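Peer 1: Dropping a structure here in structure tokens format, bear with me for questions.
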Amino acid sequence: MKPILLQGHERAVTQIRYNREGDLLFTVAKDPVANVWYSVNGERLGTYTGHTGAVWCVDCDWDTKHVLTGSADNSCRLWDCQTGKQLALLETSSAVRTCGFDFSGNIIMFSTDKQMGYQCFLNFFDLRDPQQIEDNQPYSQVPCNESKITSAVWGPLGEYVIAGHESGEIHQYSAKSGEILKTVKEHSKQINDIQSSVDLTMVITASKDCTAKLFDSSTLDHIKSFKTERPVNSAAISPICDHVVMGGGQEAMEVTTTSTRIGKFEARFFHAAYEEEFGRVKGHFGPINCVAFHPDGKSYASGGEDGYTRIHYFDPHYFDFELEA
């Protein structure tokens, strides 16, 4: 299982995202450049340049026409995927932490940080209405008073957004009215990442409390838990097997206080049904900040604090593997 190494960032990778077909991989980092790569051979296709601060999040729509990025330069930007041209600039009063297209690609959501006296907002824009973009006026803006949103994904059919908070709570926000439809609190610390399954029926949360948990998207029922010894920065659900991959390590600030053994920073594979760990993949020289499965389930990618993105293609025996219960 030899990895493909993508070197396109000078700073820590913050998020990676495959498009729906999986032929492209988008990576963003704490430098101002968003990159797009061919996932099959790791060749860099191009960059989306325009941000002036760390880029926290990236998303691509259903038919790979548009790319959305959110940055610490207090802006969320919409790009033409093919040409790299900037199509829209949405300015905010604090850093944009999460962003995403709904299933139609017409509605976008993004959340802003609670900082410098501004509170956290969840914003919804309809891209079909140029007036909203021109006036920078979302059709719905939801204030989050208690604790800020740290990660969010769209639920099925674009009806609501599932958001994880700094407090460990998960909320469902209606995309039409902005009201909170459901709330659960299964995590004791901040949720670092939320990703949905390929059919959008389940979401997996990765938390600072050293666990990842599987939830039902619509009811937010807690289904499974996966425990580790270290904070989990990211977790993803395999589209073809009952597997989840988790990446973690310590916070970047605490790395210097630990032992020098590199083996700490492994991608860890768990069986989704039995909650058992069955494999690890070494590689990054620092915490893994984000993981993602290829939509065909035959490879996965991870982005690390070391600025590298690694694409791993699974060996044939991975697919025949059965866990002995």
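Peer 1: Quick one: how many residues across the range 301-325 are out of contact with any Lys or Arg (no Cβ under 7 Å at 6 or more places or on another chain) and part of a loop (DSSP other than H, G, I, E, B)?
Peer 2: Residues that pass the stated criteria total 8.
Peer 1: Among the residues of the range 104-135, which ones are open to solvent by 50 Å² or more (accessible area, probe 1.4 Å) and in contact with an Asp or Glu (Cβ under 9 Å, 6 or more places away or on another chain)?
Peer 2: Correct list: Ser104, Lys114.
Peer 1: Further, regarding this structure: Can you pull out the residues in the range 198-235 that are within 12 Å of the chain's Cα centre (by Cα), hydroxyl-bearing (Ser, Thr, Tyr) and either open to solvent by 20 Å² or more (accessible area, probe 1.4 Å) or farther than 19 Å from Leu181 by Cβ (or both)?
Peer 2: Matches in the range 198-235: Ser234 only.
Peer 1: Here are Lys227, Lys182: which of them is more than 27 Å from Glu266 (Cα to Cα) and at pLDDT 90 or above?
Peer 2: Just a single option satisfies the conditions, and that option is Lys182.
Peer 1: Over 21 Å from Val96 (Cα atoms), open to solvent by 10 Å² or more (accessible area, probe 1.4 Å) and either at pLDDT 90 or above or in contact with a strand residue (DSSP E or B) (Cβ under 8 Å, 6 or more places away or on another chain) (or both): is that true of Pro138 in this structure?
Peer 2: Judged against the criteria, Pro138 is not a match.
Peer 1: Inside the range 78-103, can you point out the residues that are of a type in the set (A, V, I, L, M, F, W, C) and either touching a helix residue (DSSP H, G or I) at 6+ places or on another chain (Cβ under 9 Å) or open to solvent by 10 Å² or more (accessible area, probe 1.4 Å) (or both)?
Peer 2: Listed by number, the residues that qualify are Leu78, Cys81, Leu87, Ala88, Leu89, Leu90, Phe101, Phe103.
Peer 1: Return the residues of the range 63-77 that are open to solvent by less than 10 Å² (accessible area, probe 1.4 Å), over 15 Å from Thr47 (Cβ atoms) and not hydroxyl-bearing (Ser, Thr, Tyr); say none if nothing qualifies.
Peer 2: Leu68, Gly70, Cys76
Peer 1: Report the residue count in the range 1-60 for those that are open to solvent by less than 40 Å² (accessible area, probe 1.4 Å) and not in a loop (DSSP other than H, G, I, E, B).
Peer 2: Residues meeting the conditions: 24.
Peer 1: Exactly one condition in (1) farther than 19 Å from Ser197 by Cα; (2) open to solvent by less than 10 Å² (accessible area, probe 1.4 Å); (3) hydrophobic (A, V, I, L, M, F, W, C) is false for Val281; which is it?
Peer 2: That leaves (2) as the condition not met.
The values are calculated or read from the model by the stated rules, or taken from the named source; none is laboratory data. If you're wondering where the values come from, they're calculated on a predicted model, not measured in any experiment. With ideal geometry, Cβ positions are generated from the backbone for all residues, glycine too; neighbour counts draw on all protein chains shown. Keep in mind that these areas ignore ligands, DNA and RNA; they rest on the heavy atoms of the full protein, side chains included. Shrake-Rupley method; radii C 1.70, N 1.55, O 1.52, S 1.80 Å.
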